[in-house]
Amino acid sequence: MKFSDLSLKDKILQTMVIRVNKDRFVSDKVGAAFFFGEIITDADEMGLNCARNTLKQYIDNADIPILITSDFENGCGSMLKGLTPLPYLMSLGATNSEQLAYDYGKATALEARSVGANWSFSPVSDLNINPRNPLVNVRGLTDDPDLAVKLITQVVKGMQENGLAACAKHFPGDGMDYRDQHIVTTANSLDFKTWKKNHGRVFQHLIDNDVYSIMAGHIALPDYQKNRFNNCVYLPATLSHELITGLLKNEMGFRGVVVTDALGMGGFMGFYEDLRTAEIESFKAGCDMMLWPNEHYVEDMMSAVENGYISMERLDDAVLRILTMKEKLGLFDRNNHAVALTQQEQEFVRQTQQNVAEHSITLIRDESGHFPLTTEKYKSIAVVPITHHAPALEEAKLLCSKLKAHGFSVDYYETGIHEAEYESHDLVIHALFSRPFRPIGFLDFMDKQAQKIKKAFQYGTKKSIVVSFGSPYFGQQYYEKVPTYVNAYSMLSPSVKAFVRAAVGEIPFSSFSPVKLK
């Protein structure tokens, strides 16, 4: 394929990221297709074969090699049942290990390639500086730019050296605001000099180390931006020529692909009269690929180029960036189909999951001297789960079963514990399960879950252990008075199992926190 052979429509199609539909396949030159876990429903190999076959249709029917992508933020199991979920990225931060960071990226790449995917919208490269931020939290690695530079660079290397394009997100950096760009436009409130030492330093280092793509967020950077939209508010990066073309591409020298965050999010809307206009403005601002544009996008772009509103130079630059990324992945030189995992690779992925979990369980304090737990000291244990995400209760039950396997008598109190029950047990474990989007909104505990926390103090705290399989900030938000507190960062089974192993002394706790705690 020669670039000169591409028609105007061909070029515009390359700038699209569409949704995979298992009942409808593409046969044109669309640039990329994004798939959700919903394209399969089963957790077995038959379900994975369904995914492989669906994606194969897209690969086979594409006239130009197609990018197959998904949000593999914490391994592929978060998107596809039957593959391996890895502990959330903040767990990796708690390991403080460059080797595990590389393995994390490699394990993701191996499983992604096993179903035909070649591009991941990860790693999350934001710094969670504001504990109240509802979107980053454990999805991010740290609040420390030094740690982020050290480890995220290795995650990207592990991905890209194994055939999976990485995408650092969300430029200019989330983790400062207390709001959610799924609902409203948010902002990185750092002054520009400080930004350059924090989020800017992370993105610059990834650019210098050849990250293939960057996702523009619906996030403004007010201290850098000179122009307010309608003399009122600052545009998000997805609509800001200042941020994407001026800062990211020109000043920071990024030569890869800039893809938008999802265009249906509230943070993108409300600036122009309709979504169709906003998408054209986003491309004009410097974004090269549109994530789920509307059905009129191609005709609107053709009109914008033909009437001179979008220059052919701008379009050609975007398409060349996209084709260059595909060339780096080798998509023009070999077929892009699924590459089956060897038994050795399967074991590597499984071991990576376990290693990250077991090296990340952080003992914040044990002033009561509860650890290690023994049946001589604690014959009877109560487990009280606290979560707004109902599926996490299965992990709470797993916690109980793993404790029972070590010989403890364990009672499970899903609706909370009362005084008589508290007094009848030697130890009470308050198990907190959380992560962003589960549900959408702040990570605070409310209503019945908040009442459970209240009872933690009502009956005393000396026999209490609190373990957060989620936000690392709950210890300072709710449990400052509890003498024994652990951060496990991830509400997935490998982290639950690792906590139990650390609690009974089979493996050591980590003493390293990836975020600042009071």
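Of note:
- Placing unit charges on the Cβ atoms only, positive for Lys and Arg and negative for Asp and Glu, gives the stretch 409-453 a dipole magnitude near 420 debye about its Cα centre.
- Ranking 242, 327 from most to least accessible surface, computed with a 1.4 Å probe over the protein chains only, gives 327, 242.
- Protection proxy ranking, peptides 5-18, 160-173, average beta carbon neighbours within 10 Å, highest first: 160-173, 5-18
- Look at the dipole of the stretch 269-384 built from charges on Cβ: of 296, 330, 340, the Cα furthest out on the positive end belongs to 340.
- Note on the stretch 422-480: with charges restricted to the Cβ of Lys and Arg (+1) and Asp and Glu (-1), its dipole about the Cα centre is near 100 debye.
- Beta bridges by DSSP in the chain, antiparallel share as percent, to the nearest 5: 15
- Isotropic mean projected area of the C-alpha convex hull, the stretch 138-267 (nm²): 7.8
- Lys/Arg +1, Asp/Glu -1 at C-beta; the chain dipole; positive extreme among 482, 119, 430: 482
- For the stretch 442-518, the fraction of alpha-carbon pairs in successive 10 Å shells from zero, as %: 17, 48, 32, 3
- Dipole axis of the chain (+1 Lys, Arg; -1 Asp, Glu on Cβ), positive-most option in 459, 253, 401: 459
- Compared with the dominant principal axis of the Cα atoms in the chain, helix 393-405 is inclined by about 40°.
- The stretch 275-388, accessible area per residue, ligands and nucleic acids excluded (1.4 Å, Å²): 46
- Cα-based helix-to-principal-axis angle, 493-503 vs the chain, degrees rounded to 10: 40
- Summing Cβ point charges (Lys, Arg +1; Asp, Glu -1) relative to the Cα centre of the stretch 97-163 gives a dipole of roughly 180 debye.
- Solvent exposure of the stretch 412-487 as accessible area per residue, Å², 1.4 Å probe: 42
- Peptides 272-282, 411-421 ordered by packing proxy, namely the average of other Cβ atoms within 10 Å per residue, highest first: 272-282, 411-421.
- Folded to 0 to 90 degrees: helix 312-328 orientation relative to the chain principal axis, Cα: 50
- Packing, taken as the mean count of other beta carbons within 10 Å per residue, orders the peptides 314-324, 455-465 from highest to lowest as 314-324, 455-465.
- For the chain, pairs of C-alpha atoms spaced more than 43 angstrom apart make up 19 percent of the total.
- Scaled against the 2.2 N^0.38 Å expected of a compact globular protein of N residues, the Cα radius of gyration of the stretch 1-152 reads 1.18.
- Per-residue SASA entry for residue 516, accessible area with 1.4 Å probe, Å² rounded to 10: 140
- In units of the compact-protein estimate 2.2 N^0.38 Å, the stretch 370-474 shows a Cα radius of gyration of 1.05.
- Per-atom-type breakdown for the chain gives carbon and sulfur 48% of the accessible area (1.4 Å probe, protein chains only).
The values are calculated or read from the model by the stated rules, or taken from the named source; none is laboratory data. As the structure is a computational prediction, the values presented were derived from the model and not from experiment. Ideal geometry is used to build each Cβ from the backbone, glycine not excepted, and the neighbour counts take in all protein chains shown. Note: accessible area is taken over every heavy atom of the protein model, side chains too, but ligands, DNA and RNA are not part of it. Shrake-Rupley method; radii C 1.70, N 1.55, O 1.52, S 1.80 Å.
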